[in-house]
Structures are given as structure tokens and as C-alpha cells.
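Structure first, commentary second.
A short reminder: the numbers here are calculations on the coordinates, not readings from a lab. Only a predicted model underlies this, so the values are computations on that prediction, with no experimental measurement involved. A quick note on method: Cβ atoms are made from the backbone with ideal geometry, for glycine too, and the neighbour counts reach across all protein chains shown.
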Amino acid sequence: MQWDPDIPFNDLPALPPRIDEIETKELLKLCTRARVSLEGLRQAVELIPNQALLIYTIPILEAKASSEIENIVTTTDALFKYLEKPQGADPATKEALMYRTALFNGLDSLKTCPLSLRTARTVCSVLRGTDVDVRKIPGTYIGNSSVGSVIYTPPSGENVIRQKMAEWEQFINTPTELDPLIVMALSHYQFEAIHPFSDGNGRTGRVLNILFLVQEGLLDLPILYLSRYIIKNKADYYLKLRNVTAEGSWHPWIDFMLNAVIDTSNWTKNKVLQIRKLEQETIELLKNAPETKKIYSRELVDLIFSLPYIRIQNLVENGIAKRQAASKYLKCLAERGVLIEAVTTKEKLFINHKLLDLLTSE
């Protein structure tokens, strides 16, 4: 049956496609480069004494970019400001913060279950703030609102969707000679083509990419800022996705995803090294300045690098100081230029502005 964008794609072929379509010399060379880039990121992360601080920062950047792909626009500054107290945030910021929560919930689920429809449901449920299951009502399609045309109609019917997802599960969890990075590219296309949920499929699929790399041991921490590359090449991303469906054009799609891994691995590695350098400079400043050497502790430095927006209560909750002393600590850091004090209508915030500038700049 020839594919028709107006008809549910219930004949979506199971994975994998023919080997000669997906394991060319060019793609295998790209796989090697991508693995080298991922290993470079892993080595950079190992240089950070407290790797937990990266889990607080890099996923926020991924959350912002992945949400922006779906036209949910916020700022990195707002995300960090409301990271611990999202109640006062605008709707777009709250929604982007849920991406980070979904990523961590999905990561936690890997401890008891490999990637599966259950994982995808967990992730999508957090993203949407409600329990979700596969689509049961027909009529879902992907369209171009500017011209009023249908671009793609995913498989329809609960039983069909569950069968397609069962095949997807089997593919990603069955040992194969295919490079895991090619498996990731194939499975990402397939998930988006199945489009199992009524909403949230794009963001869920991008979380699953990161979880797959962790599951396969290619990442130790979920800190690959993959959505950065996708949003920079958004039109190309959607075009290549569609061309797989319309023409069976796998090579350009896999090429795109491998280049995404290379580009973002190198970018994230450099960002990690810059964070490490700034952290070391801050430690030296605090240790050697007469005003700060008495308040210096590794725990204090870890905290201000984990939370670019920090509150007095954060120091209290982490056992670094009681409230009055914690206020003096943060004011002292502000006087030394390590932090900037910002008074809002409700509370005092202290901003690690150098870290924030580093995270938000290219």
C-alpha cells in the first residue's frame, strides 16, 4: 500500500529496515565519531568532583530547548528562578520544568524496567500532568496550520497502536549487531511515527532518546543537550522525519541524528569544562579571601553551582548554616561578587550570575 498522508499509517513497517539502507560506510564512520564525542563528554564529567550539580543544570537547558521545539517558550533564567518553587511561574515555564521532572522519573524507572510503553506513559503523564494511555479515539493527524493541509496521519485504533508499540519495545530491547546510536535514530523515528499519545509525543520521544543512551551505557548521566541541535535545525528535522515515511529515506535521517549526537556532545563537554573552571576559580577565591575563608565549605560551593538562583532556606535545608548565619553567608558572597542579590516582592534571591551567563551563552 502506498503511503497517503490523509490515511492512518496502520501499515507502518516494523523495525529494522534493510541493513544496506542503514549501515553504510559513511554512517558507520559517523557512528565512530559520535562515540568518540560521547566518550569525550563522559571524561569531562569525570573531572567534576560533584557530578550531581550537572544533573541540576544541563537538563534545564534540554528542557527549555525541547519545549521550545513544541512552541512552549520560556527563558533559562525563569526556569532556574522557579526550579524549586514553580507555583509562581508562568504556564510555559511550569510546562518546561515538567520536562526535567519527566526525564528524572523516566531515569528512575530504568532501575526496575527497560524502556517500554510503560516508560513512555510515565514520561508523557508527567509532561502533561495527568495519567495518559495510548490513543483510543480516531481522528488524530499532524497538519500544517498555515496552509490547512494534512502532513501525516499516524496509525489509528488502540489495538493497532499497542501492537506497533510492542514491536518498538522488542526492537530496542533485543540484542543486535546494529550500533546503539543507529538503533536510537531508528527507534526515535518509529516512536514519532506511531504517535501513541494524543499529545506530548515529541517531548516524550526526546526524553526517550536520552534514556536509551543511559540504558545502553553510552551516557552515565542524562546530560546530553540533544534538543539544542534539533531546534537549530528544526525544519530539517521534520523534513527528514517525513521523508523516511514518504520515501523510506533512512540514510539522511540517521545522518542527522548522528550529527546531532556529535554536535551536542562536543557542546555539552565544553560547557561542562567551563563549569568546572568557574567552580575551581570560585573555590580559590573563597579559600583565599579573608572575608570568605571562614565561611568556605565544599557543600556551600556545590549548592551555589547546583542552584544558580539560591535562597537562604536552601542553606538551612542542606545543613550548611542556620537562617541568620545563612543570610550572612550569602550577603558575604554577594559582596565578593560571587553572587548578586536580588530582592523580589516575596523573598530575597541570590544569583550565581557567572554560572547563569555561562549556561545561557553559546
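Identify which of Tyr238, Tyr56, Tyr189 has the largest mean-square fluctuation in a Gaussian network model of the chain, with springs joining Cα atoms closer than 10 Å.
Among Tyr238, Tyr56, Tyr189, the largest mean-square fluctuation in the Gaussian network model of the chain belongs to Tyr238.
Compute for the range 289-360: radius of gyration divided by Kirkwood radius, i.e. Rg/Rh, restricted to C-alpha atoms, rounded to two decimals.
On the way: Rg = 11.4 Å, Rh = 12.2 Å.
Rg/Rh: 0.93.
For the range 203-214, just list the computed ³J(HN,Hα) in residue order, Karplus coefficients 6.51, -1.76 and 1.60, θ = phi - 60°, integers in Hz, with x standing in for Gly and Pro.
5, 4, x, 6, 5, 4, 4, 5, 5, 5, 5, 5
Tell me, what HN-Hα J-couplings in whole Hz come from the Karplus equation 6.51 cos²θ - 1.76 cosθ + 1.60 at θ = phi - 60° for each residue of the range 188-201, using x for Gly and Pro?
Coupling constants for the range 188-201: 5, 4, 4, 4, 5, 6, 5, 6, x, 10, 6, 7, x, 5 Hz.
Just need the relative contact order of the chain here, percent rounded to a whole number, with Cα pairs under 8 Å and 6+ apart. Don't skip to the end; give the middle numbers.
Working: 460 pairs, mean separation 80.7, N = 362.
Once divided by the residue count of the chain, the mean separation gives 22 percent.
Convex hull volume of the Cα atoms in the range 6-91, per residue, in Å³?
Values: hull volume 17.2 nm³, N = 86.
For the range 6-91, the hull spanned by Cα atoms encloses 200 Å³ per residue.
Starting from the Cα-Cα distance between Lys234 and Ala289, subtract it from 0.36 nm times their residue separation and give me the gain in nm to one decimal.
Values: separation 55, 0.36 × 55 = 19.80 nm, distance 4.74 nm.
Between Lys234 and Ala289, full extension yields 15.1 nm more.
When a/c reaches 1.5 or more, the comparison of a/b and b/c decides; with that in mind, is the range 39-128 rounded, prolate or oblate per its Cα gyration tensor? Present the calculation step by step, with values, prior to reporting the outcome.
Numbers: a/c = 1.90, a/b = 1.13, b/c = 1.68.
Oblate.
Over 25 Å between Cα atoms: which of Lys232/Lys269; Lys94/Lys240; Lys271/Lys348 fall into that group? Before the final figure, lay out the partial values.
Working: Lys232/Lys269 18 Å; Lys94/Lys240 30 Å; Lys271/Lys348 28 Å.
Correct reply: Lys94/Lys240; Lys271/Lys348.
Between Thr112, Thr57, Thr140, where does the largest GNM mean-square fluctuation fall for the chain, given springs only between Cα atoms within less than 10 Å?
Judging by the Gaussian network model, the answer is Thr112.
Based only on other Cβ atoms within 10 Å, what is the fewest-to-most ordering of His353, His188? Numbers along the way, then the final one.
Details: His353 14, His188 19.
Going from least to most buried by this count: His353, His188.
Using helices alone, what [θ] at 222 nm do you get for the chain, with -39,500 (n - 2.57) per DSSP H run of 4 or more residues, divided over all residues and rounded to the nearest 500? Provide the component values of the computation, followed by the final result.
Working: 16 runs with 223 residues, N = 362.
Mean residue ellipticity, 222 nm, calculated: -20000 deg cm²/dmol.
Using Cα atoms only, what is the angle between the long axis of helix 234-247 and the major principal axis of the chain, expressed in degrees (0 to 90) to the nearest 10?
20 degrees
Step through the residues of the range 127-136 one at a time and calculate ³J(HN,Hα) from phi using the Karplus curve (6.51 cos²θ - 1.76 cosθ + 1.60, θ = phi - 60°), rounding each to whole Hz and writing x for Gly and Pro.
4, 9, x, 7, 5, 10, 9, 4, 4, 10
May I ask you to compute the full-extension gain from Leu47 to Lys328, defined as 0.36 nm times their residue separation minus their alpha-carbon distance, rounded to one decimal in nm?
On the way: separation 281, 0.36 × 281 = 101.16 nm, distance 3.11 nm.
Between Leu47 and Lys328, full extension yields an extra 98.1 nm.
Cα-Cα pairs above 26 Å in the chain: how many percent? Working shown, then result.
Working: 35103 of 65341 pairs.
Result: 54 percent of Cα pairs exceed 26 Å.
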